[in-house]
Structures are given as structure tokens and as C-alpha cells.
Amino acid sequence: MLPAAVPPLELIVGVVSYWMVIGLAGLLRPLSLYFVSRVLFPLGILGGMVLILAALQGVASQPADLVLPLGLPDLPFHIRLDPLAAVFVGLLGIAAVGISFFSAGYFRRVQGSPPGLLCLQYHLFLAAMTVVLLADDAYLFMVAWETMAITSYFLVTSNHKVPEIRSAGFLYLLIAHVGAIAILLCFGVLQGGQGNYTFAAMRQIELSAFWGSAAFALALFGFGAKAGLLPLHVWLPEAHPAAPSPISALMSGVMLKTAIYGILRVTFDLLQVQLWWWGVLALVLGLLTALFGVMFAAVQTDMKRLLAYSSIENIGVIVAGIGLTIIFHVYQQPHLAALSLVATLYHCLNHACFKSLLFMVTGSVLHSTHQRSLGKLGGLIRNMPWVAMTALIGSLAIAGLPPLNGFVSEWLLLQAFLFSPGIANPYLNMLVPVAAAALVLAAALSAYVMVKFYGVIFLGQYREPSLAEARDEGPWARAGLVWLSAWCVLLGILPATVIRLLDNVTQPLVDFAIGSNLERTGWLLIAPISPERSSYGPLLFLLGITGTVLLTYFLVRRFYHGRERRVAAWDCGFPAQNARMQDTAEGFGQPIKQIFEPFFRIRRQMPGPFDARPTYSATTEDRLWYWLYLPVARLNERLAAWIGILQHGRIYLYLLYSFVTLLGLLMFML
Amino acid sequence: MTLSTQLINLMAALLLLIAFAMLAQRRILSLIHLFAWQGAVLTANSVIVAYSTGQTHLYYSALLTLALKVIVMPLILHRLIIRLNIKWDVETLINIPTTMLVGIALVVISFNVALPISQLAGTITRSTLGIAVAIVLLSFLMMITRRKAVPQVIGFLAMENGLFFAATSTTYGMPMVVELGIALDVLVGMLILGIFFFQVRQAFDSLDLKHMERLKEE
Amino acid sequence: MAEFVESFLSQLAQTVLVVLLAPLMLGWVNQCRAWLQNRSGPGLLQPYRVLHKLFHKDALLAHNASVIFRAAPYIQFGCMVLAASIVPVLGTNLAFSPAADVIALVGVFALARVFSSLAAMDVGTAFGSLGARREMLVASLSEPALLMVFFTPLLIVQSSSLSSIVDALAHRDFAIYPSLAFAAVAFIMVLLAENARIPVDNPATHLELTMIHEALILEYSARHLALIEWATAVKLTVYCAIGIALFAPWGMVEGTNWLMFPAAAGALVIKLALAGTGLAVLETVSAKMRIFRAPEFLGMAFLFAVLGMLIRQLLGA
């Protein structure tokens, strides 16, 4: 293999510079769509491929350090590649290849920003995320983190002529920065008064329980804001629909994972001692986020908002996994800690694949139909077979169905939950299994959401006549879709291989690797604790189902026949049925809305009995918006008004303020 | 585990089940039936403990339980609701699934609270103490979540059942005198409450306790 | 190698037995219901006759039915056959059992259900999507309860593989496990909901607005319908077999002692017949509830299962 000669860390640095060069090349001919989408984006794919190879190499090798002679004088950039970073680099590579393929066929002339600028922002975004994963000191981390936030902000607002998109971008930027401040403070706590901001120095410091908890809480808040953890999730459902679809795919699939990476890095690497209640906090927050996300996803009518809420759900599941890992780690159950950490990382990989895939699918649908509202789609499986089939794989995977990848991580996580008794804390001992039920509820409801998503978009009759003209994607976009769905399948049927790679991460972080059990079962089965306790063999599973289906098919043909006739739909003999009688997106979500009504803020306008032109409208909103955000905003406004008293617009007054301050400082200091 | 321990565990489980069923029950009449069942299981439990440990005084308390809690009190309650003509559904303050979840949390808490005590106790029935505490707390919860007076009284009686069960499981029952005293207290309390119901209804034309809010000073 | 062949043969025998017996089980339940309702009933073999008739007919497909509509019956049937091969019915030596534990079993049922719901939405009729959303709703609420049901035996045995659970439960000394009794009650409630039986759904209904399962398959005909009906029967049988495996596992063959298989088969038939009778009685004495009572029903099932688990931890019983 080509890169075998070069160490993985250098290789990744090479990819980062390569992406920056490609991005800058976009400025050469910023208005040429052909140059950007047919030359530069395909070139970017190569970078992603190299990243995957480097990550595969890096995950299995010892951590490597490098000091780059860049940055401020006396403050060089430290970078480091350890297995944890390598896993996330690999995830980034997988998603980047798929999304770059897709983007090569996606961007059209109608968007706001010129294509060259988009290309620059896109590749800078990719490079910044890579650097976030590599950074080994707080300076570089924050620089890369902010670059990531700002490039993604510009990408979200690329169509900046639309006011809603501008306000969505503003909300995103605001929450991203509130989070960034928390992360900055977190690093401040972590350096423990030594003034040395390299991660290597932070690892040496043993913080007291109070400061350790403070650092963890700040990290959970700061990274949680980026990941969309409750109650900092509000930007996700606004920003994702606003952004172009490949950008949503990248943000949801990869950028949210950098926040997860940050939590893992701080909790298990930089902090030396964990406390059990951190785990409980993360577990509870995670499960609440998961349930909240999936409930709201079920009632959405905009396909991208639906996926955004589904991302919130998945992040919740991942954070719950982190919480479980902390609990097991603190209570000295290395086996289960390693298991839940593997499940968490596995879910990160999975989510990167299927969520990017589904966001790309919405992009294809949006392009060929110009509709984003689920209520105006339907029946697209006939016009867009490629998109529909890859979307089917993505939907089944995200619904957590065997033998695809979503099920593997869910299965692993449930194993960790179910074999939890043995924790020294009796309360946790009883409540952790009940928490597993919340996880299953979230997973089951996500199947509901995905049936809604897929069924309403691709199945049934066209809800609008114009949908009959929708066309399938071109070769570039198809390649991107197929690439990611292939990963959904691969990660689903080869879990033993993946788990063995992930073992390299769990060994240093929680001092255990579950791979030793795999030796006994081979690559066909996974048995995280022991083969007698539980095992799962997805490939056998797939073969079993395919074999039975084919056998049934042939037996039916052999003993009976395959005759069929095409007729009008029966529909219980109702002759006048039309496309508008199918369930709308609202209709499909209605049972969830009714059962979980207290969680939503629903406003209905019912027609009166004598209305000549009856109208009905119902909006479902987030209660947290009214309970938390609006009060904070009002408080802010009041404070601003109060400070505004100082503002008079007269120069001499401002000079007076400066003068008084100067005088005060002089008197105070001397 | 011996058969008698297993049977006692079974009874404990049944009592917990009945306590949850009472929490979830919407109808007053079924609530009274459940209360009678609770008494019956309690009687059976006392008999099993008495038989397996040879504590003869528990036979008397079993007899007392049977007479009072399975026959007399349910009959009185039954007559009461016929006289008061209240066969309507019980309205709960919190919806039932939420109440159930709170109930599960209460079970977990009560077990952990009872853990150190039951380790001290030397009886064969000690592991059921957690369940006894849970029954007390669940009955308390039922009293909190009900708006009408009759279910509250039933909750109060069920709480007494839980206490009785706790006594049986930790110390093989209380001394006979105490037990008789409590039984009489409960009976008298019941009668007083029965009269009280009529007074409440005369005063407010309803047994809904929210009307009592008016009694405070303005 | 010989070991593998033996377990493979035992696997094949059990799977084929369940798949072939399933319509008979359905016939038995219907017959019992008929007797309980003072009707004479169509006879035990009626489901086979219906299947045979359906397979002979020409399939009718709506004009806009897509590949999902045509593939779904086969996938549903395949999933159920797979489920039938995970659950031990005669012996515990199953070649396929390491490939899937109880959680994967829940996954198989979910896969079948998602495909049937998607297929129902495919033609785009009002009833299809109504059925799809109701089916998914009931399923998403019953899955947590089902997992909690599995959790109690899993705590007792410390394994989530059904074969190990049966092995361990069948060989312990007889003891009263109140926790298992709770789990069993919860399991029966989940069984009723998942198999579209009264009180959650009515398998014999003719009123479209109250349908759940039947609404999903309104557009199907001929061999597709036959496969779905057969899959439904297999699902019911598999659910009963799970109940037997968890709560009454006695009488199964250990290893591959072929001579014992007839006895095990006899025990299985008796247990299934009892389960069928019980089901028929339950269905006769209860009334169908409206759809929004179903969450409460399943909530109760969840509660029972959790209580079972807590009692297991509280009392060790």
C-alpha cells in the first residue's frame, strides 16, 4: 500500500494541507461551477480515502506526537495521533469520501455563495475538523474548534438571502460560542494553575474532586452545546434545514462527533479520576435527550428537521453510552466499561454513516422535487430507484434493525445495560436496567420515525402531480450514496473486525479490551462477555434471511405459480380514493403527539361549526424554548437596556467614561 | 430456600402487586375488592409464618386480620359507598403511567432504605421488609394522588396493612396487646371517618376534598 | 464436524416442525374460540385449506405497487422462519442459536414489522397508512416491555441466549419464582399486543376503522397474502414457544438424544394446545379496547415486567 512508508500522523497532516490547497484553488476560478464540482470536489475524495488508510494504521499503532513550528512564537502547535483520535479520523474519512462524491454532483448554480467560495469553506471545514481531532494542546484545539464553527456557519448561511436561514445561522453561532466559552474555561480548569496548556501537561495533573467535577461539567456543557444535548439542542433543527444537504450531512455525521470526541478526550484521557455521579448525569441527560429527540422527530413535517431531531436522539444514545462507561469504570467493572465504550464508539461510526446518507438523500429529493415538506412528497421510489434503495438501507440501519449496523451498536449497548447488576451501588444496580427500557423505547420509536420518513417520501402515491417528473441522481451523487450505504452494511455484518480495532481505544482508556473473547468465537460471531452469555452473528443472520427468502420464492414458484395481474388499488372497495387520502406527515405522527402530549407545546386552531371555509392548523413546539431560552433572552434584553443608559451618542460623554476609568485604575493601582 | 420462605416471598410479591393495582385502579368498588384481597394475602402470610416458625400468637393475629380486614372493613366501606351513592370513577391528580413510574422509584428507594435493617433482623422473612416499606409508601402515594375522600381512607387502611406486614416480617409480629390496640384504633378511625364523610357531604354537597380549600382564612 | 451435523439436523427438524405446525396452532385457537362461543367452528385444518386456496389464486397487484410491496411478504415469512429457528422447542442443541440471542430475536420481529408497515404504505391507500402507524405505535410501546420481560430470566440465568436460558431453567430444582410469574403475566400481555389479538386488536374484525393488523394487509391477495397469513401463524406459535421456553421449559431434549425427540414433541404439542386454549379463553372473556387504551395496557405490561425484575433483585426469588 502506498502510505505504508509514511507514518500515519504525517499522512494526516499531509491530507489537511492538501484539503487547504484544494480549498484555495477554488478561489482561482470562483464562478466556474464545472471546475469546482468536476475537478476540485473529486480531488478532495482522495484526501478522505487517505484518511481512512491512515486511521486504520494509526488505530493499531502506538500514539505518535509531533510539534509543528507554526502558531505564535514560543507556542508551537502540538499534534498527536492516538487510537481514540484515529477512530474519529477514520469516521471523518468515511463520511468525507461519501459526501465529497455526492457534493461533486450536488451543487447547482442556484445557491447563494459562488461555488469557489463554497469549495473553500467546505474543505477548510474538513481540515479544521481533522485538526480538532489531532490537537494536543488547548490553543490549537480552540483555534481549530473556532475555525470549524465559523466555516460551518458560513456554509449554513450560504444561501444568505433568505431571512430564516440568516436567523438559523445566528442561533447556531450563538450557541456554538456559548459552548466554546465553556470549553475554554474547561481547559483553564484542567491546566490546574500550571500555565501549561499542552494536553501532555494536563494528563500529569491530579485535580481535586471539586475541580475535576467542574471540568467535567464544563466539558459536558461546552461539547454538549455542539452535540445538541438537552437543553442546548435548539440550534440543530434550525441549522440543518437551512444548510445545503451535503453540509447538513457533514455537520450531523461528523461535526457532532467531534463534540463526542471532546467529551471522551476530557473525561477519560485528560481527567485522571472520574466520579460515579458524572456517569449518572451523562446517562440521565443522554436518555432524556434520546427520548426527546425521537418524540419530536415523530411529529415533524419537514424532512430535514425530522432528521435533525433524529440526530439529537442518536447523540442522546451516545452520551448515555458514555455515562454508562463512566459508571462501570468508576465501579471497577472494566469488562462492562470496555463493552459500553465500544458500543458508544460503534454508534458514533454508525451514525456518521447513516445520518450522512439520509441527509444526502433529502438533498437528492429536494433537488428533483423542490419540496422539503413531507406532506408534498410521496411515491418517489418509482422515479428515483437508486436514491430510494440507498435510503431504504439507511432507514433500516437507523431504525436499529438487524443485520445492519445500527443494530450492532444497540445490541452491544443493551448487553452492557443488561449485565450491569454487580455495581457496588444498590440504587444504580436497580435503576440502570430500567434505563435500558428507555433506550429500547427510543430505539423502537426511531423505527416509527423511519417508517414515517421512508414511507411518506418514497412510498404511496404522488401527493403532488409535479412529482411524476422527479428524476434520479447522476453518477457522482449515486457513488456517494452507494459508498455510505455500503459502509452501513459492512459495519453491520463484520462487527468482530471493527470491535477488534476499537479494542485499541478501550485498552488505554478503561484498561480493558473485549477482543479477548472474540478469539474464542472467531470473526463470524461477536460475544462481548462470553459465548455462553450472549452472542450475535450478523452474517449468519443475513444468510439465514436471504436463504429463507430465496427458498420460499423458489418453492412457491415450483409448487404453485407466479401469475399476477395489475389492477386498481382495492382500498376496501372505495372507488373514489385519491392521493390526498393517504396519511400526511402530521397524520402519521398524530398517535405519538397524543400519547406524549405533555411534552409538546401544541397550538391548535379548530374551525367552528358554522365556518364557511373551515381551516385547521396545528403547530407543535418545543416547551424548552419557552421555559429556558425566551426567559434568558428577555433577561439579556433587560440587562442590555440597563447598560444602554450609558449610551448617549455624545463623544464627550464617552471620553468622560474613559477618563473616569483611567483615573480609577490609577488610584486603585498606585 | 425452604418452601415456606418461597411461599412468604410469593405472598410479598402478591402484596406488592396488589399495592400497584390499587395505585392504578380507577373504580372505587374495585379498590375495595383489592383491599379485601390484600387482607386475605396478609392473613395467608401470617398463617405461613406462624406455621413455619411455631409462633402461635400469629394465628390469632391472622384470625384478627381475616375478621377485620377481609370481612368487616370492606363490608363497611361497601355499605358506605352505597349509602353515599358514589360509584363514579376515581379521579387521579397525576395520570396513571406517571404514578406507576413514581411507584417503581419508591420501590427502589424503600428496598435500599430497608437493606441495613433487614440485614440485622434474624427472621426467615427479613428480605420482605423492603417490600413492606414499599407497600407503606405506595399506599401513601395513593392517598396523595387521589382527590376523593373514600380512596384516601382506603389508602390509609392499606398503609396500615403494610405496617402490619413489616411487623410480621421483621419480628414475627407485634405483641398481641399492641396488635389488638391497633386493630381497634383502625376500626374506630374507620367509623369516625365514615361519619366524617357524611358531614363533609352535608357541608359541601360533595366528597371532593378540593372543596376543603375554602376552609382557610381569607 | 459430526457434532455440527447433529445440531444442524436438530435445528432443521425443529424449524420445519414449527413452520408446518403453525397453521394447526392457529386452527386450534380458532376452534377453541368457536367452541367457547357456542359455534361449531371450521375445523382444525381450515388454515391449511385457506393457504392452499390462496397459493392457487392469481396475485393482484395495484398499479403503483413497487418492489417493496412484492418483497415484503417473503421477508416477513423469512424473518418468522428465522425466529422459529432461534427459539428452542424440542431440544436446545441448535446450530443457529449462537447467531442470535433474545435481543436479536426482538430485532427479527422488528424487521418483519417494519417491512409490513412499509408495504402497507406502498400502495398509498388511506387504510394502509392508518394500519402502518398503529402497528408501529403498538410495537414501539411493547418492545420495552418485552425486553424487561426477558430481563428477569436473564438475571436468574446470567445469559441472554435462549438455549442457555432453557438449559438452566429446566434443570434447577423446582422453586416458586414470583419474579417469573410477574414476567409471565407481562409476557402474555405483550403477546396479545404483538400478535394482534383481543383486547388490542381483533383478528376477526370486519370494521376497517378498528383494524390494526388487518389494515396492513388489505391490499394483498393470493400467494402474498398466503405468505403473510402463514408468517402470522408462525409468529403466534413462536411467541407461544418463547413463553414455554421461559416459563415452562420442562421436557426438552438435552443435546441430541434422538430417541427423546418424540417425547419432547408430545410435550410440546400438549403445551402448545394448552397455550392455545388459554389464549382462546382470554380472547373470549375480554373486549377489544380502543386504540388509545393500548399504551396504558402496555404500560401495565411494562410495570409487571419491571416489578418482576425488582422482586428478583429484592428477594432473590
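When each of A:Phe223, A:Phe210 is tested for being out of contact with any Gly (no Cβ under 9 Å at 6 or more places or on another chain) and in a helix (DSSP H, G or I), the lone residue that passes is A:Phe210.
Summed over the range B:100-112, the residues that are within 12 Å of B:Ala19 (Cα to Cα) and of a type in the set (S, T, N, Q) give a count of 0.
A:Ser103 meets all of the listed conditions (1) in a loop (DSSP other than H, G, I, E, B); (2) touching a Phe, Trp or Tyr at 6+ places or on another chain (Cβ under 6 Å) but one, namely (1). Residues that are hydroxyl-bearing (Ser, Thr, Tyr) and buried (at least 20 other Cβ atoms within 10 Å of the Cβ) were ranked within the range A:154-172; the one that is modelled with the highest pLDDT is A:Tyr172.
Figure legend. Inter-residue proximity from the range C:66-87: first residues more than 7 Å from chain A (Cβ to nearest Cβ) and of a type in the set (Val, Ile, Thr), second residues outside any helix (DSSP H, G or I) and surrounded by fewer than 24 Cβ atoms within 10 Å (Cβ to Cβ), beta-carbon distance below 7 Å, spacing 6+ or different chains. Indicated pairs: C:Ile86/C:Phe96. Collect the residues in the range A:437-455 that are more than 7 Å from chain C (Cβ to nearest Cβ) and over 13 Å from A:Gly589 (Cα atoms), keeping them in residue-number order. Selection gives A:Ala438, A:Leu439, A:Ala442, A:Ala443. The single condition among (1) at pLDDT below 80; (2) in a helix (DSSP H, G or I); (3) under 21 Å from C:Ile311 (Cα atoms) that B:Ile109 does not satisfy is (1).
The conditions are (1) in a helix (DSSP H, G or I); (2) crowded, with 16+ Cβ neighbours inside 10 Å, and A:Leu46 fails exactly one of them. Which is it? Here A:Leu46 meets the rest and fails (2).
In the set (1) more than 14 Å from chain C (Cβ to nearest Cβ); (2) of a type outside the set (Lys, Arg); (3) surrounded by fewer than 23 Cβ atoms within 10 Å (Cβ to Cβ), the condition left unmet by B:Gln6 is number (1).
To keep it simple, each residue is scored yes or no on (1) of a type in the set (Ser, Thr, Tyr); (2) in a helix (DSSP H, G or I); (3) closer than 20 Å to C:Glu229 by Cα.
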| site | (1), (2), (3) |
| --- | --- |
| C:Gly41 | no, no, yes |
| C:Tyr48 | yes, yes, yes |
| C:Phe55 | no, yes, yes |
| C:Pro73 | no, yes, yes |
| C:Leu82 | no, yes, yes |
| C:Val108 | no, yes, yes |
| C:Ser117 | yes, yes, yes |
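Looking only at residues in the range C:212-230 that are at the interface with chain A (Cβ under 10 Å from one of its Cβ atoms) and hydrophobic (A, V, I, L, M, F, W, C), the one that is farthest from C:Asp58 (Cα to Cα) is C:Ala215.
For the residues B:Leu77, B:Leu17, the requirement of being of a type outside the set (Val, Ile, Thr), farther than 22 Å from B:Val178 by Cβ, assigned to a helix (DSSP H, G or I) and within 14 Å of chain C (Cβ to nearest Cβ) singles out B:Leu17.
Of all residues in the range C:157-166, those satisfying the criterion of being surrounded by fewer than 24 Cβ atoms within 10 Å (Cβ to Cβ) and more than 8 Å from every other protein chain (Cβ to nearest Cβ) are C:Val157, C:Ser163.
Quick grid of which residues meet (1) among the hydroxyl-bearing types (Ser, Thr, Tyr); (2) modelled with pLDDT of 85 or more:
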site: A:Ala436; (1), (2): no, yes
site: A:Ala443; (1), (2): no, yes
site: A:Ser446; (1), (2): yes, yes
site: A:Tyr454; (1), (2): yes, yes
site: A:Leu459; (1), (2): no, yes
site: A:Ile493; (1), (2): no, yes
site: A:Val498; (1), (2): no, yes
site: A:Val510; (1), (2): no, no
site: A:Trp523; (1), (2): no, no
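Could you tell me which of the residues B:Val49, B:Val70 is more than 17 Å from B:Val153 (Cα to Cα) and among the hydrophobic types (A, V, I, L, M, F, W, C)? None of the others qualify; the one that does is B:Val49. A search for C-beta distances below 6 Å between a residue of the range C:284-296 that is more than 14 Å from chain A (Cβ to nearest Cβ) and among the polar types (S, T, N, Q) and any residue that is in a helix (DSSP H, G or I) and surrounded by 13 or more Cβ atoms within 10 Å (Cβ to Cβ), counting only pairs 6+ apart in sequence or on different chains, returns C:Thr284/C:Leu36. If only residues of the range C:88-103 that are at the interface with another protein chain (Cβ under 9 Å from one of its Cβ atoms) and β-branched (Val, Ile, Thr) are counted, the one that is farthest from C:Pro23 (Cα to Cα) is C:Ile103.
To keep it simple, each residue is scored yes or no on (1) touching a Cys at 6+ places or on another chain (Cβ under 9 Å); (2) of a type in the set (Lys, Arg).
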| site | (1), (2) |
| --- | --- |
| A:Gly537 | no, no |
| A:Thr548 | yes, no |
| A:Phe554 | no, no |
| A:His561 | no, no |
| A:Gln577 | no, no |
| A:Arg580 | no, yes |
| A:Thr584 | no, no |
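Just one of the listed residues (A:Phe407, A:Phe417) is under 19 Å from the mean Cα position of the chain (by Cα), under 24 Å from A:Gly537 (Cα atoms), facing chain C (nearest Cβ under 10 Å) and part of a helix (DSSP H, G or I), and it is A:Phe407. When we screen C:Gly124, C:Gly128 for residues that are more than 19 Å from the chain's Cα centre (by Cα), buried (at least 24 other Cβ atoms within 10 Å of the Cβ) and outside any helix (DSSP H, G or I), the only hit is C:Gly124. With respect to A:Arg80, determine if the residue is touching a residue at least 24 places away in the same chain (Cβ under 8 Å) and within 17 Å of A:Asp136 (Cα to Cα). Yes. The helices (runs of 4 or more DSSP H) found wholly in the range A:235-303 and carrying at least 1 residues that are of a type in the set (D, E, K, R) occupy A:235-242, A:256-264. The requirement of being within 19 Å of the chain's Cα centre (by Cα) and either part of a helix (DSSP H, G or I) or surrounded by fewer than 23 Cβ atoms within 10 Å (Cβ to Cβ) (or both) is fulfilled nowhere in the range A:70-79; no residue meets it. Just one of the listed residues (C:Leu192, C:Leu147, C:Leu154, C:Leu169) is surrounded by fewer than 21 Cβ atoms within 10 Å (Cβ to Cβ), of a type in the set (A, V, I, L, M), in contact with a helix residue (DSSP H, G or I) (Cβ under 9 Å, 6 or more places away or on another chain) and not in a loop (DSSP other than H, G, I, E, B), namely C:Leu169.
Conditions tested, residue by residue: (1) surrounded by fewer than 23 Cβ atoms within 10 Å (Cβ to Cβ); (2) closer than 30 Å to A:Ala477 by Cβ; (3) in contact with a Phe, Trp or Tyr (Cβ under 6 Å, 6 or more places away or on another chain).
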residue: A:Ala225; (1), (2), (3): no, no, no
residue: A:Pro231; (1), (2), (3): yes, no, no
residue: A:Ala259; (1), (2), (3): no, yes, yes
residue: A:Trp276; (1), (2), (3): yes, no, no
residue: A:Leu291; (1), (2), (3): yes, no, no
residue: A:Val294; (1), (2), (3): no, yes, no
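Inspect the range A:316-333 for any residue being touching a strand residue (DSSP E or B) at 6+ places or on another chain (Cβ under 9 Å), closer than 30 Å to A:Pro598 by Cα and among the β-branched types (Val, Ile, Thr) and give the result as yes or no. No, the range A:316-333 has no match at all. If you filter the range A:537-596 down to residues that are in a loop (DSSP other than H, G, I, E, B) and among the hydroxyl-bearing types (Ser, Thr, Tyr), you find that the one that is farthest from the other protein chains (Cβ to nearest Cβ) is A:Thr584.
The values are calculated or read from the model by the stated rules, or taken from the named source; none is laboratory data. Source: prediction; values computed, not measured. Glycine gets a Cβ as well: all are built from the backbone with ideal geometry, and neighbour counts include every protein chain shown.
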